[in-house]
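The values are calculated or read from the model by the stated rules, or taken from the named source; none is laboratory data. The structure presented is a predicted model; accordingly, all values stated were derived computationally and were not measured. Every residue, glycine among them, receives a Cβ derived from its backbone with ideal geometry; neighbour counts consider all protein chains shown.
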Amino acid sequence: MNKDSGEAGFHRNRNEWVDYVLERDDLHPTIRLIGCWIARRINENTRDTWYQVSTIALKTGVSSRTVIRAVATLEGEELLFVRRDGQRGRQKAVNRYELLYPWL
């Protein structure tokens, strides 16, 4: 597989992920918003992204607690994989997020 088809495949999968999450009427709209915000920031080379919970909260207009609950729900639905920073409770702790594709 050449690099271009890999990037094209990534973008196709990410777009399908976003559509899948947006169409899940069993997920609260805020969960869908946060999931899509994270998905749009996934790096095509590393296939992950990293943001502080407080940054996601600020950018999406919700509380940090809401972001934490939404991420936990997306994890529970096996739509998101989260590698948590070992420095919980510190202001600079950052999680890494990866999309999981239920159709693969």
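Let's see how each residue does on (1) among the basic types (Lys, Arg); (2) closer than 21 Å to residue 93 by Cα; (3) in a loop (DSSP other than H, G, I, E, B):
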| position | (1), (2), (3) |
| --- | --- |
| 9 | no, no, no |
| 24 | yes, no, yes |
| 32 | yes, no, no |
| 56 | no, yes, no |
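Screening residue 65 against (1) surrounded by fewer than 11 Cβ atoms within 10 Å (Cβ to Cβ); (2) under 25 Å from residue 15 (Cβ atoms) leaves a single unmet condition, (2). Checking each residue in the stretch 43-73 for being among the charged types (D, E, K, R) and more than 16 Å from residue 99 (Cβ to Cβ) picks out 59, 65, 69.
Residues being modelled with pLDDT of 95 or more and part of a helix (DSSP H, G or I): count how many of those fall in the stretch 34-53. Of the residues in that region, 6 qualify.
In the set (1) in a helix (DSSP H, G or I); (2) more than 18 Å from residue 103 (Cα to Cα); (3) touching a residue at least 12 places away in the same chain (Cβ under 8 Å), the condition left unmet by residue 13 is number (2). If you go through the stretch 74-85 and keep only what is within 11 Å of residue 99 (Cα to Cα) and in a loop (DSSP other than H, G, I, E, B), you end up with 78, 79. Inspection of the stretch 4-18 identifies no residue that is aromatic (Phe, Trp, Tyr), modelled with pLDDT of 95 or more and loosely packed, with under 15 Cβ neighbours inside 10 Å.
When the residues of the stretch 74-89 are narrowed to those that are over 16 Å from residue 18 (Cβ atoms) and surrounded by 13 or more Cβ atoms within 10 Å (Cβ to Cβ), which ends up modelled with the lowest pLDDT? Looking at residues that are over 16 Å from residue 18 (Cβ atoms) and surrounded by 13 or more Cβ atoms within 10 Å (Cβ to Cβ), I get 85.
The condition (being of a type in the set (Val, Ile, Thr) and touching a Lys or Arg at 6+ places or on another chain (Cβ under 7 Å)) is satisfied by just one residue among 55, 30, 49: 49.
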